[in-house]
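The values are calculated or read from the model by the stated rules, or taken from the named source; none is laboratory data. Keep in mind that this is a model prediction, so the values were computed, not measured. All Cβ positions, even for glycine, are placed from backbone atoms using ideal geometry, and neighbour counts span all protein chains on display. Quick note on the areas: whole protein, heavy atoms, side chains included, nothing else; ligands and nucleic acids left out. Shrake-Rupley method; radii C 1.70, N 1.55, O 1.52, S 1.80 Å.
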Amino acid sequence: MKKVMIMAALAAMSATAFAQDDLVKQAKKLCDKGELEQAVTTITPALTSAQTEDMAEAWNVMSEIQYQIFMKGQQAEQANKENNTTTPYDTAAMHRAMVASLEAALKCDEYDRQPNEKGKVKIRFRETNGKKFYMSRPFVISAGLYEYNNKNLEAAVKDWKLYIDSAEDPLFTGLDMSNDQYRSEVCYYIGLSSYNLKDYATATKYAKLAAQDSAKAKEANEIILFAQKDGAKTKEDSLAYLATIKDLHAKFPAEQRYFNLLMDYYSKPGRQAEMKQWAEEEIAKDPNNKMTWALKGEVEMNTGKWDEAVASYKKAAEIDPTFVQVIFNAGVCLNQKAIELKDKLADKKTGGLTTENANKVKAILAEAKVYLEKSREIDPNRQSVDWAYPLYQIYYNLGDKAKSAEMESLVGKK
């Protein structure tokens with residue numbers, strides 16, 4: 001009885017395998033007759049069935065069916081162009097079929113290169129499919145562009161990744177895939193679209209590929225930078241972002257954007273010491289960069305090192321005599337220095353100053369006045385710096401009542 005049951009099971013399995021392989025034959029016949037949608041429906045179960053004996057053949061048939069669907073759309077499109085007509089056809093189906101056809105060809109090759117029951121590999125479909133898609137693979141770019149234009153970024157990225165990644169597939173063994181005029185542009189759009197989808201890892205991966213082309217390097221590097229910046233979750237991520245900016249700044253020192261990004265990074269709270277070190281490194285490389293002197297002065301100003309800050313601001317002003325922000329800051333630093341000196345020298349009981357000490361304070365205030373009046377001269381409408389209140393303080397402390405009254409009338413007004 002057991003033997004009969006085993007034989008029955010084997011017979012059922014054999015029948016199922018025959019049925020699945022029969023579907024492949026049926027689908028091929030339907031494809032040859034142009035009944036393409038029915039051919040897809042017929043072959044689909046065989047593609048996932050463990051009972052299909054020749055999976056390479058099944059996927060090859062599927063690839064051909066989808067290719068014929070694509071060609072049908074192409075012919076309709078071409079006919080409209082040649083005849084100046086607008087006969088409708090399924091554009092979306094045409095693009096999807098191109099993608100599906102290449103995917104099926106890759107799957108076909110995956111099964112085709114597996115050893116048979118005797119342990120031997122006999123590749124049957126690669127040469128034909130490889131040559132076909134070597135020529136037609138760029139239509140996958142068009143499929144992605146169709147999705148992109150219809151605001152379906154996920155599908156666009158999927159199609160474009162298929163185009164780029166398939167170039168490395170064994171399907172194209174023996175074919176020269178290196179001279180690809182579309183590669184960098186497609187990689188760039190994968191990176192850009194992935195960034196917009198907040199898939200920062202994919203954005204970085206493909207933007208780096210795009211950046212290998214000097215013509216796309218600048219745009220691609222922007223994606224890499226902002227993907228790293230926006231995707232940073234740990235201290236290590238932030239340091240990786242910083243390393244990328246530094247590397248780009250070193251490679252392209254004339255590109256102001258990278259300098260500005262570094263300045264933005266170091267301007268964040270808690271990075272004063274790092275900013276000063278970076279500014280000093282930049283000064284060592286280029287002593288004529290007014291911005292690095294200004295940044296150095298800013299750190300020194302924020303830590304109350306008035307003399308050092310004034311010296312740095314003076315250097316920046318020497319490079320650019322119209323750099324009103326540093327001229328103003330130099331005056332503010334000297335004003336603060338005078339206030340601190342007055343507090344330090346004042347009599348502990350009366351709060352007064354000796355004539356000698358008062359003159360020391362006034363000398364610093366007089367120097368501060370020069371810088372702040374220069375700020376007023378450069379920026380009379382206070383668009384960049386508001387010099388009114390610091391000048392009011394100085395005129396008041398110097399005993400210039402008329403000018404202090406003038407400044408007092410301006411304080412709080414613009």
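Before moving on, here are some points about what is shown:
- Cross-link reach is defined here as a Cα-Cα straight distance under 20 Å, omitting same-chain residues fewer than 8 places apart; for LYS81 the aspartates and glutamates meeting it are ASP90.
- Accessible-area rank, largest first, for ARG137, ARG96, ARG183: ARG96, ARG183, ARG137, with all protein chains present and a 1.4 angstrom probe.
- Degrees separating the helix 306-319 axis from the principal Cα axis of the chain, which is the longest one: 70
- Phi angles across the stretch 55-71 convert, under the Karplus curve 6.51 cos²θ - 1.76 cosθ + 1.60 with θ = phi - 60°, into 3J(HN,Hα) values of 5, 4, 5, 4, 5, 5, 5, 4, 4, 5, 4, 5, 5, 5, 5, 4, 5 Hz, Gly and Pro given as x.
- Fully extending the segment from SER214 to ASP386 would add 57.5 nm, taking 0.36 nm per residue of separation and subtracting the current Cα-Cα distance.
- Size of the stretch 237-335: Rg and Dmax of its alpha carbons, in Å, are 13.5, 41.
- Per-residue ³J(HN,Hα) for the stretch 377-392, Karplus 6.51 cos²θ - 1.76 cosθ + 1.60, θ = phi - 60°, Hz, x for Gly and Pro: 5, 6, 10, x, 8, 6, 6, 9, 9, 9, 8, 4, 5, x, 5, 4
- Estimated vicinal HN-Hα couplings, Hz - the stretch 205-221 in sequence order (Karplus 6.51, -1.76, 1.60; Gly, Pro = x): 4, 7, 5, 5, 5, 5, 5, 5, 8, 4, 5, 10, 4, 4, 5, 5, 5
- On a per residue basis, the stretch 267-414 carries 56 Å² of accessible surface, using protein heavy atoms and a 1.4 Å probe.
- With the Kirkwood sum run over all distinct C-alpha pairs, the stretch 292-374 has a hydrodynamic radius of 13.1 Å.
- Accessible area of the stretch 112-163 belonging to carbon and sulfur atoms, whole % at 1.4 Å probe: 53
- Cα pair distances exceeding 18 angstrom across the stretch 131-175, given as percent: 30
- Accessible carbon and sulfur surface of the stretch 201-354 relative to its total accessible area, %, 1.4 Å: 54
- For the stretch 332-414: Kirkwood Rh in Å [reciprocal of mean 1/r, alpha carbons]: 13.4
- Rg to Rh quotient for the stretch 225-280, alpha carbon positions, Kirkwood Rh: 0.95
- Treating each Cα of the stretch 19-168 as an identical point scatterer and summing with the Debye formula, the log10 of I(q)/I(0) at q = 0.10, 0.13, 0.14 Å⁻¹ comes to -0.38, -0.63, -0.73.
- Stokes-Einstein D in µm²/s, Kirkwood radius over Cα pairs - the stretch 190-285 at 25 °C with 0.890 mPa s viscosity: 176
- Pairs of Cα atoms in the stretch 289-332 fall into 5 Å distance bins, from 0 up to the last occupied one, in shares of 6, 32, 39, 17, 5, 0 percent.
- Per residue, the stretch 102-241 exposes 56 Å² of accessible surface when a 1.4 Å probe is rolled over the protein heavy atoms with every protein chain present.
- Derived value for the stretch 21-109: Kirkwood hydrodynamic radius 13.4 Å. Basis is the mean of 1/r over every pair of different alpha-carbon atoms.
- Residue-span extension gain [ASP400 to LYS285] - 0.36 nm each, minus C-alpha spacing: 36.9 nm
- In plain terms, the bigger the Kirkwood radius, the slower the diffusion; for the chain, with that radius from Cα pairs, at 10 °C and 1.306 mPa s, Stokes-Einstein puts D at 56 µm²/s.
- Using the Cβ-Cβ distance between TYR89 and ASN152 with R0 set to 25 Å, the FRET efficiency from 1/(1 + (r/R0)^6) comes to roughly 0.80.
- Radius of gyration and Dmax over the Cα atoms of the stretch 265-414, both given in Å: 16.7, 52
- Entries of LYS314/LYS374; LYS235/LYS268; LYS218/LYS296; LYS218/LYS251; LYS276/LYS360 with Cα pairs more than 20 Å apart: LYS218/LYS296; LYS276/LYS360
- Partner lysines for LYS198 [C-alpha distance under 17 Å; skip if fewer than 8 residues away on the same chain]: LYS151, LYS158, LYS161, LYS208, LYS229, LYS233
- Counting only the Cα atoms, the stretch 127-228 fills a convex hull of 89 Å³ per residue.
- Taking Cα atoms only, the orientation of helix 2-32 departs from the longest principal axis of the chain by about 70 degrees.
- Measuring spread by the Cα atoms of the stretch 32-72 yields a radius of gyration and Dmax of 10.3, 32 Å.
- Gained length - LEU345 relative to GLN38, 0.36 nm times residue gap less alpha-carbon distance: 100.7 nm
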